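Undergrad: Encoded as structure tokens, here's the structure I'll be asking about.
Derivation of every value follows stated rules applied to the coordinates shown; laboratory data play no part. All values derive from a computational prediction rather than experimental measurement. Please note: Cβ atoms are built from the backbone with ideal geometry, for glycine as well, and neighbour counts cover all protein chains shown.
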Amino acid sequence: MIRAATLDDVPQIVALTKLHFPKLRNKQILFNEQTFTGFAERFIAGKDNSRTVLLSDESCLLCAFIFCMVQQHYLTGELVGSKVIWCAHPGMAGHGRKVLKAAEEWWHSKGVRRYLMSCFDSRTEKLLSLSGYYETEKHFEKVV
């Protein structure tokens, strides 16, 4: 089932995010549970017309979630849909695709016609490609 997240979902969102962070440690991104918990609570509690958190769950188990925003593109001024964070349980195939589709429907309902996504994982890149996304730029980071 796809639904909007509530504050009661934050512990499961944090737990699912922690599953993904062993991969991210190799990329110099360190997970801080307390910081992320506060971020998730503020994002969900502050929901307005420009942001939402959608999740897919089965039998009280969180399978996937996506934090979505609508904002103006910094160059063109057009409304764009973007994800802040997107995670899917590795053992629950298909739920990442379901929350992506739900996010696209939500963005479309807000008048958005361009969706921006970034990823660091080949499986996510393949899903985005199969869903009609194409690469427009690369992101680089330097940790000092």
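Undergrad: What longest range of the chain stays clear of loop-exposed GluC sites (Glu not before Pro) (DSSP non-H/G/I/E/B, at most 13 other C-beta within 10 angstrom)?
TA: With GluC sites (Glu not before Pro) excluded where exposed in loops, the chain gives 1-77 as its longest stretch.
Undergrad: Counting other Cβ atoms within 10 Å, which chymotrypsin sites (Phe, Trp or Tyr not before Pro) in the stretch 40-108 have at most 16 and lie in a DSSP loop?
TA: Listed in order of number, the matching sites are Tyr74.
Undergrad: Sorting Lys101, Lys126 on the 10 Å Cβ count, fewest up front, what's the list?
TA: Least crowded to most crowded, the residues run Lys126, Lys101.
Undergrad: With a 10 Å cut-off between alpha carbons and a GNM built on the chain, which of Ala88, Ala64, Ala15 moves the most?
TA: Ala15
Undergrad: For the chain, state the semi-axes of the equivalent ellipsoid (square roots of 5 times the eigenvalues of the alpha-carbon gyration tensor), sorted largest first and rounded to whole angstrom.
TA: Working from the Cα gyration tensor, I get semi-axes of 22, 20, 17 Å.
Undergrad: Rounded, prolate or oblate: pick one for the stretch 71-140, where a ≥ b ≥ c are the square roots of the eigenvalues of its C-alpha gyration tensor, a/c under 1.5 means rounded, and failing that, prolate if a/b is larger than b/c, else oblate.
TA: Judged from the Cα gyration tensor, the stretch 71-140 comes out oblate (a/c at least 1.5, b/c at or above a/b).
Undergrad: Okay, next question. Here is the link list: Lys47/Lys110; Lys18/Lys98; Lys98/Lys126; Lys110/Lys138; Lys83/Lys126; Lys47/Lys83. Which ones come out longer than 23 Å on Cα distance?
TA: Flagged as over cut-off: Lys110/Lys138.
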